[in-house]
Amino acid sequence: MSEPVTSDRLTLRRWRDADREPFAALNADAAVTEFLQGQMSREASDAFVDRIEAQWETAGWGLWAVGVPGLSDFIGYVGLWPADYVFGTPMVEVGWRLAHQHWGNGYATEAAWEALRFGFEEVGLEEIVSFTVPQNVRSRRVMERIGLVRDPADDFDHPRVDPRAYPQLVRHVLYRLSRTAWRGSHA
Ligand SMILES: CC(C)(COP(=O)(O)OP(=O)(O)OC[C@H]1O[C@@H](n2cnc3c(N)ncnc32)[C@H](O)[C@@H]1OP(=O)(O)O)[C@@H](O)C(=O)NCCC(=O)NCCS
C-alpha cells in the first residue's frame with residue numbers, strides 16, 4: 001500500500017533523503033508555521049521525516065511527499081496521520097503542509113481528495129477527520145472543499161499545544177467525514 005499515487009497534476013509518494021532539505025526550508029518559513037508552534041530546526045524537521053517514514057513502515061499509510069512533475073520534485077506533504085492522542089480514541093487525520101510559493105494552485109485540495117480515497121478505499125477507514133485553529137482559514141477551506149463537516153460541539157483544546165507559549169493556538173475546530181458520506185458524494 002505504499003506505491004506512488006498520481007493525480008491530475010501531482011505525484012504522491014514515499015519520502016526520499018533529497019526531500020529533507022526543502023522540507024526543512026518550508027518548516028523554517030514563518031508564513032508556513034504561522035498557525036503551528038514555531039519554526040522548526042533542521043534536526044526537528046529531519047526527526048519528523050523519520051516519524052513519517054516509520055508510520056509508513058508500520059501502518060502502510062501516512063503523509064505523502066508531494067511532487068509536481070515538470071515543476072518541483074517536492075512541494076510539501078499531504079496525507080493521513082494518526083490522531084488517537086486527541087480524544088484518546090482511534091482517529092485518523094488528513095493533513096497538509098506546502099511550501100508557501102506553491103499555495104494558491106489547488107494542490108492541497110487535489111492531493112487531499114486522493115488521501116480520502118486512499119483512506120476509505122485502501123486502508124478501510126470508517127471516518128477521517130481534520131482539525132486546525134479557527135483562524136487558519138486556508139486550511140479550513142481545504143477541509144470544506146473536500147467535504148468535511150464541522151460540528152462546533154467537537155471543538156477542543158489541543159493536548160500538545162503549550163498554552164503558556166501559544167495560548168492563541170490551543171483551541172481547535174474539528175471537521176469529520178464518514179466513509180458512508182464520502183461514498184454518497186461519489187455515487
Ligand atoms: C493549508 C494550505 C495547505 C492551503 O494551501 P492552499 O494553496 O490555500 O490550498 P489549495 O492547494 O487547496 O489551493 C486553493 C487555492 O488555489 C486556487 N486555485 C488556483 N488554481 C486552482 C486549480 N487549478 N484548482 C483548484 N484551485 C486552484 C483556489 O482558488 C484557492 O485559492 P483561494 O484560497 O485564494 O480561493 C497552506 O496554506 C499551508 O501549507 N499552510 C501552512 C501549513 C498549515 O497551516 N497546515 C495546516 C495545519 S492544520
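Values in this text are rule-based calculations from the coordinates and carry no lab data. These numbers come from a predicted model, not from an experiment. Note that each Cβ is placed from the backbone with ideal geometry, even for glycine, and that neighbours are counted across all protein chains shown.
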**Complete:** Relative contact order of the chain (C-alpha contacts under 8 Å, at least 6 apart) in percent is 17
**Request:** Tell me the Kirkwood hydrodynamic radius of segment 1-152 in angstroms, computed as one over the mean inverse distance between distinct C-alpha pairs.
**Result:** 15.7
**Label point distance in nm, residue 35-residue 168, each placed 7 Å from Cα along Cα→Cβ** = 1.3
**Request:** With springs connecting C-alpha atoms under 10 Å apart, model the chain as a Gaussian network and identify which of 147, 62, 124 has the largest mean-square fluctuation.
**Result:** 124
**Complete:** Phi angles of segment 87-104, converted by Karplus (6.51 cos²θ - 1.76 cosθ + 1.60, θ = phi - 60°) into ³J(HN,Hα) in whole Hz with x for Gly and Pro, give 10, x, 10, x, 7, 10, 9, 9, x, 7, 7, 10, 4, 3, 5, 9, 6, x
**Request:** Identify which of 37, 101, 55 has the largest mean-square fluctuation in a Gaussian network model of the chain, with springs joining Cα atoms closer than 10 Å.
**Result:** 101
**Asked** Under a plain spin-label model, where a point goes 7 Å from the Cα along Cα-to-Cβ, how far apart in nm are residue 57 and residue 154?
**Response** 3.2
**Message:** Full-extension gain between residue 127 and residue 2, please, as 0.36 nm times their residue separation minus the C-alpha to C-alpha distance.
**Reply:** 43.0 nm
**Prompt:** Mind checking which of 43, 53, 144 has the largest fluctuation in a GNM of the chain, springs on alpha carbons under 10 Å?
**Reply:** 43
